[in-house]
Amino acid sequence: MTVLDIIKQEHRQVAALIDEANRCEPGDDRLYELANEIEQNLSLHLSIEERLFYAPLRERAEEQEQIVDVFEAYTEHAVAKALMEMLTSGRKPDERFKAELQVLGESVKHHVKEEESKVFSVARDYLDEEELDQIGQAWERAKTRGQRDGAGAKKQPARKKSVRGTTPASKAKARR
C-alpha cells in the first residue's frame, strides 16, 4: 500500500471520530473518550507524516508554490497540535470544550482537503511509485512502534478534579 493510500485511510478514520463527536451534546462524557481517541490518532499520524512524508517533499520540491504548500501543511499541523492541547487541559466537556473539538474537526477537515489535493500532487511529482510504497512500508512500521510504545501510556480523560484552595502561587511554591 502506498503512503498516499495509508494517509487517506487514516484521514477517514479520524473524520469518523470527529463526526461522532459532533453528534454528542455538551456535557456528554463520550466527548472525553472521543477527544482522547482523536488526539492519540492525530498525534501519531502528524508525527509520522512530518518525518516520513513531508521531509522528502520539502527537500525535493522545486517550485515556490509547491514549497509553500508543504510548509502550509506543517503550519496546519501546528494549529491542530495547539487545538489538541486545549482539549487535554482538564475542563469538563461543556459547551466550550465541544466548540474547541468542533474547531479542531473543521481545521483537520480543511487540512485533509488541501493535503489530498495540493500535497499529494507534489508527492506524485517528486516521488515515484516505488518510493511511495517504501514510505508506506516505513509508515506502517512506525505506526506499529508508536502504538506499541504508546499503548501503556494512554492519557487520562481530559477532565481532572480541582484541588480546593490551590492557587498558581501555591502550586509553584510546592514544586520548589
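Provide a single number: the residues in region 88-125 that are of a type in the set (Asp, Glu) and either within 15 Å of the chain's Cα centre (by Cα) or more than 22 Å from GLU20 (Cβ to Cβ) (or both). Don't jump to the end; show me each part of the working.
Going through region 88-125, the residues of a type in the set (Asp, Glu) turn out to be 94-95, 100, 106, 114-116, 125.
Applying the additional criterion that residues be either within 15 Å of the chain's Cα centre (by Cα) or more than 22 Å from GLU20 (Cβ to Cβ) (or both) yields 100, 106, 114-115, 125.
Here the count works out to 5.
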Checklist entry - Which residue pairs have Cβ atoms under 7 Å apart, sit 6 or more places apart or on different chains, and have a first residue in region 125-139 that is under 11 Å from PRO56 (Cα atoms) and a second that is assigned to a helix (DSSP H, G or I) and basic (Lys, Arg)? => result TYR126/ARG60
Next on the checklist: Please pick out the residue among LEU34, LEU52 that is among the aliphatic types (A, V, I, L, M) and modelled with pLDDT under 95.
Outcome noted: LEU34
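Would you confirm, using the coordinates I've provided, whether ALA73 is out of contact with any Leu (no Cβ under 7 Å at 6 or more places or on another chain), of a type in the set (A, V, I, L, M, F, W, C), buried (at least 16 other Cβ atoms within 10 Å of the Cβ) and modelled with pLDDT of 95 or more? Quick ask: steps written out before the conclusion?
Numbers: out of contact with any Leu (no Cβ under 7 Å at 6 or more places or on another chain): yes; of a type in the set (A, V, I, L, M, F, W, C): yes; buried (at least 16 other Cβ atoms within 10 Å of the Cβ): yes; modelled with pLDDT of 95 or more: yes.
The answer is yes for ALA73.
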Next on the checklist: Looking at ALA99 and the list (1) at pLDDT below 95; (2) surrounded by 15 or more Cβ atoms within 10 Å (Cβ to Cβ); (3) closer than 18 Å to ARG30 by Cβ, which single condition is not satisfied?
Outcome noted: (2)
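If we only count helices (runs of 4 or more DSSP H) wholly inside region 17-120, which ones have 3 or more residues that are more than 30 Å from GLN134 (Cβ to Cβ) and acidic (Asp, Glu)?
Numbers: elements: 30-48, 55-60, 64-87, 95-114.
It comes to 95-114.
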Checklist entry - Would you call GLU39 under 29 Å from GLN102 (Cβ atoms), loosely packed, with under 15 Cβ neighbours inside 10 Å, under 17 Å from the mean Cα position of the chain (by Cα) and modelled with pLDDT under 95? => result no
Item to check | Candidate set from region 126-176 (those that are at pLDDT 50 or above and in a loop (DSSP other than H, G, I, E, B)); member that is nearest to the chain's Cα centre (by Cα) | outcome: LEU127
Checklist entry - Does any residue of region 6-14 turn out to be more than 25 Å from GLU130 (Cβ to Cβ), in a helix (DSSP H, G or I) and in contact (Cβ under 8 Å) with a residue 24 or more places away in the chain? => result yes
Item to check | Cβ-Cβ under 7 Å pairs, at least 6 apart or on other chains, region 37-64 side within 14 Å of GLY136 (Cα to Cα), far side outside any helix (DSSP H, G or I) | outcome: PRO56/LEU127
Next on the checklist: As an exercise: evaluate ARG12 against (1) surrounded by 15 or more Cβ atoms within 10 Å (Cβ to Cβ); (2) under 15 Å from the mean Cα position of the chain (by Cα) and give the number of the one condition it does not meet.
Outcome noted: (1)
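The values are calculated or read from the model by the stated rules, or taken from the named source; none is laboratory data. Nothing here was measured: the structure is a model prediction, and the numbers come from that model. Cβ atoms come from the backbone with ideal geometry, glycine included; neighbour counts cover every protein chain shown.
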